[in-house]
1. For the range 25-100, which GluC sites (Glu not before Pro) pass both filters: DSSP loop (anything but H, G, I, E, B) and at most 12 other C-beta atoms within 10 Å?
2. Assuming a viscosity of 0.692 mPa s and a temperature of 37 °C, what translational diffusion coefficient in µm² per second does Stokes-Einstein assign to the range 63-132, Rh being the Kirkwood radius over Cα pairs?
3. Which value does Rg/Rh take for the range 21-137 over its C-alpha atoms, Rh per Kirkwood?
4. If you wrap a convex hull around the alpha carbons of the chain, what volume per residue comes out, as a whole number of Å³?
5. Stokes-Einstein diffusion coefficient for the range 5-86 at 25 °C in a medium of 0.890 mPa s, Rh from the Kirkwood formula over Cα pairs: what value in µm²/s?
6. Between beta-carbons, use under 10 Å as the cut-off and find the net charge around R62, counting Lys and Arg +1, Asp and Glu -1.
7. Rounded to a whole number, what % of the accessible area of the range 3-54 do carbon and sulfur atoms account for, probe 1.4 Å?
8. Give me the Debye-computed log₁₀ of I(q)/I(0) at q = 0.18, 0.20, 0.32 Å⁻¹ for the range 21-62, equal point scatterers on Cα only, no solvent, two decimals.
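The values are calculated or read from the model by the stated rules, or taken from the named source; none is laboratory data. Just so you know, these numbers come straight off a predicted model, no measurement behind them. Cβ placement follows ideal geometry from the backbone for every residue including glycine, while neighbour counts extend to all protein chains displayed. When the accessible area is computed, the model is the full protein with side chains, heavy atoms only, and any ligands, DNA or RNA have been set aside. Shrake-Rupley method; radii C 1.70, N 1.55, O 1.52, S 1.80 Å.
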Amino acid sequence: IGELDVAHSVIADAVARGHGGPWARPRLLLWSSWVSLQCEHRADAEAALAQALAAPRPLSPRDATLASALSVAIARRYGDLGELTAQWRRARSNVMRSQFDVFSILPLGEFVLAAVRVGDEARMDPHFQRALESVARLSKGSVWGVPLHWTGIQRGILRGHPDDLRPHARALVEAAGTNPLAAQMAQAGRVWTAVLAGKVDPDVVE
């Protein structure tokens, strides 16, 4: 729900105290990296990811998928298209073996957007559609659907298909009454839609 300070505090405490034992440490470090990335703390995100990858035992399949998503996410935000393409190629084997559920909606979103950027979107479309169907079966306004619909908005923009934004924007508006993050995303979606339609208000964009 966008409470990144709370997420950071909880995960940092769990890492420091060794919650869950040695097997849990890589997963906690991976989510620590994820939170740092959302806070735009690149160095912290890369450091936590490196620590997780340096664990003495191999990552579980779920953790390996999260690690791949983090590598892709860092390249998408801070690298060029060549770097993103290289990370995407490394990640594809994990992606193809993964079964995405509501607990993996966040990494799924990164894979979907990266695939569009590198021209491989068809590979992720079935995963994205199945995730939308899963979220649709949950209660209306479920927090699980918010990041997925935000991915849908960004996906429509990257593809140059403004019409694709509408169902996702509608879902965020419906969730906005009970979810502050959804409200912010819905507003951002409205601004983006206006810009794509050629109606640019610099103050609103800022």
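1. Working: sites: E40, E46, E83; in loops: E40.
Those satisfying the criteria are E40.
2. Working: Rh = 11.7 Å.
Value of D from the Cα-based Kirkwood radius: 281 µm²/s.
3. Details: Rg = 13.8 Å, Rh = 14.4 Å.
Rounded to two decimals, Rg over Rh is 0.96.
4. On the way: hull volume 27.5 nm³, N = 206.
Normalising the Cα hull of the chain by residue number yields 133 Å³.
5. Numbers: Rh = 12.9 Å.
Estimated diffusion coefficient is 190 µm²/s.
6. Net charge around R62: -1.
7. On the way: 1720 of 3040 Å².
Answer for the range 3-54: carbon and sulfur cover 56 percent of the accessible area.
8. Result of the Debye calculation: -0.45, -0.54, -1.05.
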